[in-house]
Amino acid sequence: MKNVFILTGAGISAESGLKTFRDTNGLWENFKVEDVASIEGFIKNPKLVHDFYNHLRPVMDKAEPNAAHLAISRFQQLLQNERIYLVTQNVDLLHEKAGSFNVKHMHGRIDECVCLQCHHVIKTDKDIAYNMPCPACGSHALKPNIVFFGEMPMFMDEIEQQLKTCDIFIAIGTSGVVYPAAGFVATAKYYGAETYLFNLEGCQNNAYFDHVILGPASETLPPFLDNLDK
Ligand code: OAD
Ligand code: ZN
């Protein structure tokens, strides 16, 4: 009985037509990270930040999962859920669209806003006006429910626990630059897991991976997961 920890990043959604962050022509190329993805940037110019995510929401909504998302979902259906812990850094919903359940969006979700005043979370598939009042408390402090630089990622306590107890750690499509996610592989390896990276190219924290499988995840991941000893 193996416990499997899966961490996905923007690379898994690249073949679904969604831009990654740091590749050429990536999301950050035309924007400054500190303007649209930091808490300071949001406080300085909430309209710019809401406009950025309002633009992204329909783009993400139209995207369809690719063979890599589908392989993870198939894998999850085959094994009992409690043996697979699926964490994504992505705010898109392609894992859910592929049929995955219990996806831990550690950097938040594009279909949610959170009130900075009362912490009420609202679902939204529409544009959010930067001065829209919170439906729960009426204050004008709705922020995309996306973890910005300067904020704590979500689910960190349970993630830590799962990293310590997993037998296999698999990272897919992530550059290994953004902490704490970039440090997950080191923790998993320290506690005895066998570690795998599926990425287009080598990444920042390669040294911690026992196996590095280079190539598009839609081609490399399905045969691996379909044949993993269950
Ligand atoms: P990055 O854009 O930093 O890295 C994407 C990685 O995916 C790169 O290493 C690519 O080589 C790889 N890649 C691209 N296409 C691929 C493919 N078809 N198959 C496999 N790999 C492929 O994205 P992340 O590591 O996810 O945070 O970025 C981490 C965080 O940085 C994001 O969650 C975001 C950003 O700040 C928030 O928005 C909160
Ligand atoms: Zn509120």
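Figures for the structure shown
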item: Computed Kirkwood radius, in angstrom, where 1/r is averaged over Cα pairs of segment 158-230; result: 12.5 Å
item: Solvent-accessible area per residue, Å², over segment 119-230 with all protein chains present [probe radius 1.4 Å]; result: 52 Å²
item: Residue-averaged 222 nm ellipticity for the chain, from DSSP H runs of 4+ at -39500 (n - 2.57), nearest 500; result: -9000 deg cm²/dmol
item: Those Cys residues of the chain for which no other cysteine Cβ falls under 4.7 Å; result: CYS113, CYS166, CYS203
item: Where chymotrypsin sites (Phe, Trp or Tyr not before Pro) fall in DSSP loop in segment 143-230, at most 14 other Cβ within 10 Å; result: PHE155, TYR191
item: Net dipole in debye of segment 178-230 [+1 Lys, Arg Cβ; -1 Asp, Glu Cβ; about Cα centre; nearest 20]; result: 180 debye
item: Calculated P(r) tail over 11 Å for segment 17-59, as whole % of Cα pairs; result: 66 percent
item: 20 °C / 1.002 mPa s Stokes-Einstein diffusion coefficient of the chain, Kirkwood radius on C-alpha pairs, µm²/s; result: 118 µm²/s
item: Cα long-axis angle, helix 156-165 against the chain (0 to 90 degrees, to the nearest 10); result: 0 degrees
item: Whole-percent carbon and sulfur share, accessible surface of the chain, 1.4 Å; result: 53 percent
item: Where GluC sites (Glu not before Pro) fall in DSSP loop in segment 137-186, at most 15 other Cβ within 10 Å; result: GLU151
item: Label-reachable residues, segment 87-108, where backbone N falls under 15 Å from a point 7 Å from GLN77's Cα toward its Cβ; result: 95-102
item: Signed unit charges on C-beta, dipole axis of the chain, positive-most listed residue VAL178, CYS113, GLY17; result: CYS113
item: Antiparallel bridges, percent of DSSP beta bridges restricted to the chain (to nearest 5); result: 25 percent
item: Rg to Rh, two decimals, where segment 109-230 supplies the alpha carbon set and Rh follows Kirkwood; result: 1.10
item: Normalised per residue, the volume of the convex hull around the Cα set of segment 99-158 (Å³); result: 108 Å³
item: Within the chain: Cβ-based charge dipole about Cα centre, in debye rounded to nearest 20 (Lys, Arg +1; Asp, Glu -1); result: 300 debye
item: Area of GLU112 that stays accessible when all protein chains are in place (1.4 Å probe, Å², to 10); result: 30 Å²
item: Mean-position separation - Cα centroids, segment 202-227 and segment 69-107, in angstrom; result: 17 Å
item: Computed Rg/Rh of segment 49-170, alpha carbon atoms with Kirkwood Rh; result: 1.01
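The values are calculated or read from the model by the stated rules, or taken from the named source; none is laboratory data. This is a predicted model, so every value here is computed, not measured. Neighbour counts are summed over all protein chains in view; Cβ atoms, including those assigned to glycine, are modelled from backbone coordinates with ideal geometry. Each accessible area value is taken on the protein alone, full model and side chains, heavy atoms only, with ligands, DNA and RNA left out. Shrake-Rupley method; radii C 1.70, N 1.55, O 1.52, S 1.80 Å.
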